[in-house]
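Notes for the one structure printed next.
The values are calculated or read from the model by the stated rules, or taken from the named source; none is laboratory data. Please read all numbers here as calculations on a predicted model, not as lab measurements. Quick reminder, even Gly has a Cβ in these numbers, built from the backbone with ideal geometry, and neighbours come from all protein chains shown. These accessible areas exclude ligands, DNA and RNA; they are computed on the full protein's heavy atoms, side chains included. Shrake-Rupley method; radii C 1.70, N 1.55, O 1.52, S 1.80 Å.
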Amino acid sequence: MGEYNHTLDAKGRVTVPARFREELGDSFVVTRGFEGCITAYPRERWERIEKNLMSLSLTNAAGRKLTRLFLGNAIECEVDKMGRILIPQPLRNAASIVKDVVLTGLGDRVEIWDQDTWNSLNGADALENLTEDELKSLEGLEL
């Protein structure tokens, strides 16, 4: 859990907060995420995702697309001695990340966002901006 603001260095590296490193481990998988972010998964969680994607039929167009986006863009990251990971340029481009980033912990994953994108999606009125259809899709969820 939590939200941390960091800045990419000139080589495209970002510091991963110690709390997240404890959960992710020294080596984890980073790939494209939804809504324009990058997502980091602990190895165990990634293996389940990979298995699920590989079980999809090749005749399923949505499955092929999702598999390409997730597996085709996935890289294994290792944390350096300074607690940083290198985010490859293609992933930075996909998430429109140039300099300032937000890392947010979401239980079994960490999302890495361009700070401006994060702020526009998660401003003070973010909860009020949920649509009626989005709220209906969550019926029965206890918060």
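Structure above, values below:
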quantity	calculated
Lone qualifier among Phe28, Phe20 - being assigned to a helix (DSSP H, G or I), open to solvent by less than 50 Å² (accessible area, probe 1.4 Å) and in contact with a strand residue (DSSP E or B) (Cβ under 7 Å, 6 or more places away or on another chain)	Phe20
Count of residues meeting criterion [open to solvent by less than 50 Å² (accessible area, probe 1.4 Å) and either farther than 17 Å from Ala10 by Cα or charged (D, E, K, R) (or both)] in segment 81-94	2
Residue list for segment 19-45, filter: charged (D, E, K, R) and within 21 Å of Asp116 (Cβ to Cβ)	Arg32, Glu35
Qualifying residue in segment 95-114 (condition: out of contact with any Pro (no Cβ under 8 Å at 6 or more places or on another chain) and at pLDDT below 70)	no
Considering residues of segment 33-66 that are of a type outside the set (Gly, Ala, Ser), touching a Ser or Thr at 6+ places or on another chain (Cβ under 7 Å) and open to solvent by 10 Å² or more (accessible area, probe 1.4 Å) only, the residue nearest to Ile87 (Cα to Cα)	Arg43
Hits in segment 62-76 - residues which are without any contact (Cβ under 8 Å) to a residue 24 or more places away in the chain and of a type in the set (A, V, I, L, M, F, W, C)	Ala62, Leu66
Any hit, segment 127-135, residues being modelled with pLDDT of 90 or more, over 27 Å from Arg48 (Cβ atoms), of a type in the set (A, V, I, L, M) and open to solvent by 30 Å² or more (accessible area, probe 1.4 Å)	no
Unique match (being outside any strand (DSSP E or B), in contact with a Lys or Arg (Cβ under 8 Å, 6 or more places away or on another chain) and either modelled with pLDDT under 90 or small (Gly, Ala, Ser) (or both)) among Leu91, Leu58	Leu58
Unmet criterion (only one of (1) out of contact with any helix residue (DSSP H, G or I) (no Cβ under 9 Å at 6 or more places or on another chain); (2) more than 17 Å from Gly107 (Cβ to Cβ)) for Pro17	(2)
Given (1) farther than 26 Å from Leu121 by Cα; (2) open to solvent by 30 Å² or more (accessible area, probe 1.4 Å); (3) part of a strand (DSSP E or B), index of the condition Cys77 fails	(2)
